[in-house]
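Working notes, structure below.
The values are calculated or read from the model by the stated rules, or taken from the named source; none is laboratory data. Fair warning: this is a prediction, and the values are worked out from it, not measured in the lab. Here the Cβ positions follow ideal geometry from the backbone for every residue, glycine too, while neighbour counts run over all protein chains shown.
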Amino acid sequence: MSAVRKGFITAAMVIMVAGAAPAKASADWLFTPFVGINWGGTAKFNESGADFEDKFERKSDFGASLAWMGAGVFGFELDFGYSPNFFQETTGDTNFGYGDSNVTTFMGNVVLGAPVGGTSGKGFRPYASGGVGIIRTKIDDADDFFDISSNDWGMNIGGGVHMFFSDKVGLRGDVRYFRSLKDEDPDDDVDFALGSFNYWRGTVGISFRF
């Protein structure tokens, strides 16, 4: 994780420097429906007191984001993602053979994004994004013996680029990392640590600027 963290810190510094360049500036709303895939998913399960780790294959993901970007480099984003059948066809130690399952994420993020070429007409905006929110997982047993739903705190960090071909429409490519968070001591003050559930998501989408 240290290499990933250093990479995103470097990207954020580059974006801030690039944002200092003069450009025609105004605040934007950006709405982006997207489709993509997940990969590198892992989770730990407890079976009879022993921990097992399952790894999950690539799965489809779709959703949308709504972002507000100021005249400079700072902005905010709401990101919603949904991945059906996330826990099927495991290749780890347990290979339980899950039935229907899905993962839903809803994140509130801070965004750093430099509007290269201005905020109107053609141009592009590289960005870094990160924040916290809810990760909801749902797993059904293949034999219908159990149905588990869980709402957990989670985090995401990533980045990408908006490419605009006109004042209103462009494309967005985005890659980000999701990980669950857990409260180390529920009986005391809130003390979050990284949880075991994590995966990467890559998406492409059409961005509408208004």
Out of all the residues in region 135-169, which are of a type in the set (A, V, I, L, M, F, W, C) and either surrounded by 15 or more Cβ atoms within 10 Å (Cβ to Cβ) or modelled with pLDDT of 95 or more (or both)? I135, I139, W153, M155, I157, V161, M163, F164, V169
Do the conditions hold for G117, that is, is it of a type in the set (G, A, S) and at pLDDT 90 or above? no
What number of residues in region 170-195 are closer than 26 Å to N102 by Cα and modelled with pLDDT of 90 or more? 12
If you take the residues in region 31-60 that are surrounded by fewer than 14 Cβ atoms within 10 Å (Cβ to Cβ) and more than 23 Å from the chain's Cα centre (by Cα), which one is modelled with the highest pLDDT? N46
Do you know which residues across region 112-144 are under 25 Å from S60 (Cβ atoms) and of a type in the set (V, I, T)? V132, I134, I135, T137, I139
Being of a type outside the set (A, V, I, L, M) and within 15 Å of T119 (Cα to Cα) is the filter here, so list the residues in region 156-171 that pass it. H162, F164, F165, S166, D167, K168, G170
I'd like to check something: does region 23-30 contain any residue that is over 30 Å from G123 (Cβ atoms), out of contact with any helix residue (DSSP H, G or I) (no Cβ under 7 Å at 6 or more places or on another chain) and either part of a loop (DSSP other than H, G, I, E, B) or at pLDDT below 70 (or both)? no
Reported set for region 57-73 where residues are assigned to a strand (DSSP E or B) and farther than 12 Å from D28 by Cβ is K59, S60, D61, F62, G63, A64, S65
